[in-house]
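Below is one structure, written out as structure tokens; comments come after it.
The values are calculated or read from the model by the stated rules, or taken from the named source; none is laboratory data. Quick caveat, the model's predicted, so the values are computed rather than measured. Heads up, the Cβs are rebuilt from the backbone with ideal geometry, glycines too, and the neighbour counts pull from every protein chain shown. For the accessible areas, the whole protein counts, side chains as well, though only heavy atoms, and no ligand, DNA or RNA atoms are used. Shrake-Rupley method; radii C 1.70, N 1.55, O 1.52, S 1.80 Å.
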Amino acid sequence: MKFEKNNLKLDKEHLKSNKKKFSMYIIAISFLAITLSISSFEIFDNDQITSVDVLAQTQEPVNDNITDNNNPLALSTLIEQDSPYYGNDTAPITIIDFSDFQCPMCKRHVDNTEPQINSTYMQTGEAAYVFKHLPNRGLDSKNASLAAQCTNEQGKFWEYYSLLYKNQGQIDSGWVSTENLKKFASQIKGIDMNEFNSCFDSKKYEEHVQSDLALANSLGFTETPSFIIVKDDGSNPQKIQGPKPFPVFQLAIEKVKTNSSSSSSNNSE
């Protein structure tokens with residue numbers, strides 16, 4: 001009887017030990033799963049990874065059949081709305097850039113990729129480049145957008161655009177304070193500072209910036225920079241999100257051109 005009690009005691013201790021080991025295994029497996037999930041998120045969220053297939057980076061629109069008269073992406077509509085642009089205003093392709101002046105990834109695009117897009121497509125008359133405000137990186141971002149839009153009414157937007165990216169500091173570090181935004185504007189040759197100050201102080205283009213934000217949201221854009229490339233009438237859109245290298249833009253533009261050619265052939269038939 002004593003032997004059986006001892007065996008029973010040993011069995012209980014053995015069972016208790018197994019339960020403890022099993023719990024440790026569960027904890028270890030759970031920790032490994034969480035670690036792998038975080039690693040996977042970091043891999044796919046890293047803007048520096050550019051070897052992903054372009055088809056995964058460009059997305060088809062929900063509605064590709066909006067007419068020029070009511071398409072907010074049509075170049076004529078964008079120009080009428082005072083969206084800053086450069087290039088041929090009758091170009092067959094429009095590249096629309098949604099950016100924040102405080103965004104480091106936007107600066108990367110401006111420094112590395114935009115010059116290639118400009119020389120290849122804008123300088124040859126093949127495309128127009130349009131800027132839309134998506135100030136969501138910091139509390140000071142909206143003021144930078146308002147100031148930039150004020151320079152646009154004097155035909156100085158792209159000079160101010162270059163100044164802001166050239167002087168970009170840490171997000172919300174004060175580099176785009178009201179004082180600094182006015183100082184940057186004063187560095188532009190030929191600008192009327194009285195006109196600029198009146199425009200900026202009155203927040204004249206707040207509704208314009210809000211409209212840009214609404215358009216970005218309707219397209220599903222939350223990160224900066226984000227781009228949509230379309231025909232001049234706003235059709236055949238291709239989306240690119242993040243600071244992608246020039247070949248990604250080339251492929252997206254060619255896809256817009258190809259779709260355009262296919263549509264023209266079908267209509268002629």
Review point. What is the Cα centroid distance between the stretch 91-121 and the stretch 167-195, reported in whole angstrom?
Key: 21 Å
Check your understanding: How much of the accessible area of the stretch 98-230, probe 1.4 Å, is carbon plus sulfur, in whole percent?
Key -> 45 percent
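Can you sort Ser76, Ser218 by 1.4 Å-probe accessible area, starting with the largest? Write out the running numbers ahead of the final one.
Working: Ser76 55, Ser218 85 Å².
Most to least solvent-accessible, the answer reads Ser218, Ser76.
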**Study point:** Protection proxy ranking of 160-166, 90-96, 171-177 - average other beta-carbon atoms within 10 Å, highest first
**Key:** 90-96, 160-166, 171-177
Point to revise | Long-range amide H partners of Ser177 with built H, under 5 Å | key: none
Exercise for review: Indicate, rounded to the nearest 5 percent, the antiparallel portion of the DSSP beta bridges found entirely in the stretch 82-184.
Suggested key: 30 percent
Check your understanding: For the stretch 233-244, what does the Karplus curve 6.51 cos²θ - 1.76 cosθ + 1.60, with θ = phi - 60°, yield as ³J(HN,Hα) per residue in whole Hz, taken in order and with x for Gly and Pro?
Key -> 8, x, 8, 6, x, 10, 9, 9, 10, x, x, 7
Practice item. Report the relative contact order of the stretch 65-197, percent, no decimals, based on alpha-carbon pairs under 8 angstrom and at least 6 residues apart. Key: 25 percent
